[in-house]
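See structure below.
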Amino acid sequence: MSDKTMSADEAVGRLASGMTIGIGGWGSRRKPMALVRALLRSELTDLTVVAYGGPDVGLLAAAGRIRRLIAPFATLDSIPLEPHFRAARQRGTLELTELDEAMFMWGLTAAGQRLPFMPVRAGLGSDVLRVNPRLRTVTSPYEDGEELVAVPALRLDAALVHLHRADAQGNGQYLGPDPYFDDLYCEAADAAYLSCEQIVDGAELTSAGGPQSLLVKRPFVTGVVAAPNGAHFTSCDPDYGRDEAFQRAYASAAADPEEWAAFVKRFLSGDERDYQAAVAAFHEREKSTEEKDAKGVGA
């Protein structure tokens, strides 16, 4: 079996402008942020992004890399609306295809099974059909004659996902509370790149979590990237939670062009090692400020 390990930059180097790219995770939870940051370091643009959106969508929108977004939402979870997504929508700088959460899931499922669409009840009686006039309905060919929504397959040129552990061949394990459909992204894509907190020997993947935690299978993975803390600043429970202090700083900076330029210079102008070092320095400064404030209160 082949060794599929590569760097984040090598994985992104296999992508091309104009591609349709699916990004796993959910909102501000277990997003493949190290791969997104590598994408930001590249020259890729004119992308169609397919995601349960979070700061992945926000960062790419802020950098002007998204032409079209297919998503049910774009949220930071503890902050309801992703600020860069909101700004992009207000400026009209990206196209949006908004789908119900279930419709989105079944679109990925149809793509993974190489079907043109999936008939579902989700979306009936809602404004989803109004805001997406290209969606079609179908009538059941059986006696019930039920009208259903024909959700088109969400075929992907590439998928980016982040899991807790993987082996060098591309088997990926999640240890958190939810798979977030990362397996569907990989199956729906022509190529999938899996970043993980730790690369381990394949035999170790069942030592914690059991075989049912083996979410992504090697036939659907093109590349494996070791990326400790690679979901930051989103959560990767149980390894680490969402970095709320950093997320607040991110959202605050998004509100002002000068502050955002300073944020980009501080955190996103270098490589992944530079990013992680800048985050550590951010928390050291936060801790120092809190200690000074506490001493001031005590005095």
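Of the conditions (1) under 15 Å from SER195 (Cβ atoms); (2) outside any helix (DSSP H, G or I), LEU35 fails just one. Which one is it?
The one condition LEU35 does not meet is (2).
Residues being outside any helix (DSSP H, G or I) and surrounded by 18 or more Cβ atoms within 10 Å (Cβ to Cβ): count how many of those fall in segment 86-95.
1
Between residues in segment 5-31 that are among the aromatic types (Phe, Trp, Tyr) and residues that are outside any strand (DSSP E or B), which pairs lie under 6 Å by C-beta distance while being six or more apart or on different chains?
TRP26/TYR52; TRP26/TYR180
Please determine whether any residue of segment 183-194 is out of contact with any Asp or Glu (no Cβ under 7 Å at 6 or more places or on another chain) and either in a loop (DSSP other than H, G, I, E, B) or acidic (Asp, Glu) (or both).
Yes, segment 183-194 contains at least one residue that is out of contact with any Asp or Glu (no Cβ under 7 Å at 6 or more places or on another chain) and either in a loop (DSSP other than H, G, I, E, B) or acidic (Asp, Glu) (or both).
Kindly provide the set of residues from segment 50-73 that are assigned to a strand (DSSP E or B) and either more than 19 Å from VAL264 (Cβ to Cβ) or in the same structural domain as VAL131 (by TED's automatic domain parsing) (or both), ordered by number.
If the condition is that a residue be assigned to a strand (DSSP E or B) and either more than 19 Å from VAL264 (Cβ to Cβ) or in the same structural domain as VAL131 (by TED's automatic domain parsing) (or both), then VAL50, ALA51, GLY53, ARG67, ARG68, LEU69, ILE70, ALA71 are the ones that fit.
Hey, among ALA168, ALA102, ALA111, which residue is in a helix (DSSP H, G or I) and in contact (Cβ under 8 Å) with a residue 40 or more places away in the chain?
One residue alone meets the criteria, ALA111.
So in segment 215-274, with the set limited to residues that are among the polar types (S, T, N, Q) and not in a loop (DSSP other than H, G, I, E, B), which one is surrounded by the most Cβ atoms within 10 Å (Cβ to Cβ)?
SER235
Please work out if ASP178 is charged (D, E, K, R) and not in a strand (DSSP E or B).
Yes; evaluated as a whole, the condition is true for this residue.
The values are calculated or read from the model by the stated rules, or taken from the named source; none is laboratory data. Quick caveat, the model's predicted, so the values are computed rather than measured. Heads up, the Cβs are rebuilt from the backbone with ideal geometry, glycines too, and the neighbour counts pull from every protein chain shown.
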